[in-house]
1. Tell me whether segment 117-131 contains one or more residues that are more than 15 Å from the chain's Cα centre (by Cα), closer than 19 Å to Cys59 by Cα and modelled with pLDDT under 80.
2. Working only within segment 18-61, note down all residues that are surrounded by 10 or more Cβ atoms within 10 Å (Cβ to Cβ), under 26 Å from the mean Cα position of the chain (by Cα) and modelled with pLDDT under 75.
3. Which ones in segment 53-85 are free of Cβ contacts under 8 Å to residues at least 40 places away in the same chain and among the aromatic types (Phe, Trp, Tyr)?
4. Report yes if some residue within segment 140-150 is crowded, with 21+ Cβ neighbours inside 10 Å and at pLDDT 80 or above; otherwise report no.
Amino acid sequence: MLNLTTPWLTHLASSRWLSHDEQKLAIERLRSNQSGIKNTTIKWKQVIEALTDPKTWFCVVFGLSTQVVNGSVSNFGTLIIQGFGYSQLNTTLLQIPYGFIISFAVLSSMYLQKWLPGQKRCVVGVMYVIPALIGVILIYCPPRANNSSALLGCYYVSNPHAAPNY
């Protein structure tokens, strides 16, 4: 028999549109699927499974690679552009295309994820993250003398890193 007096079951069974019997049935269905019921014990078999799963590591690498670009380029964009030799006013103006590129990248990645058959979010993510990482590397690598437009182009290429996250 199901006791609805425990706090976590009461929280699960708080839907107003279900009768008491329907709430019991919903909770039992969740229990039989082993989902939706609070469980605070660590199952080491699941931890090992997660650590040996290639998809888990792909998500970790994907997240780290997008955040490297985010932290180094997006947050300090005006300082980076100023370092290319542009004035403070031009630096502000040169940030405008950056916003348009972000908008285009987000919209195009959403369209690609919808258009490609199946679950292709990772493929679209790779399509946007790899050029962004290359752009960041090229900002760091080329010599600074008389390369301000090339560096600015690399800065713009490094932009759409976060598009697949939307």
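1. There is at least one residue in segment 117-131 that is more than 15 Å from the chain's Cα centre (by Cα), closer than 19 Å to Cys59 by Cα and modelled with pLDDT under 80.
2. Within segment 18-61, just Gly36 meets the criteria.
3. Across segment 53-85, the qualifying residues are Trp57, Phe76.
4. Step one: filter segment 140-150 for residues crowded, with 21+ Cβ neighbours inside 10 Å, giving none.
No.
The values are calculated or read from the model by the stated rules, or taken from the named source; none is laboratory data. Because the structure is predicted, anything quoted here is derived from the model rather than measured. So basically every Cβ, Gly included, is an ideal-geometry build from the backbone, and we count neighbours across all protein chains shown.
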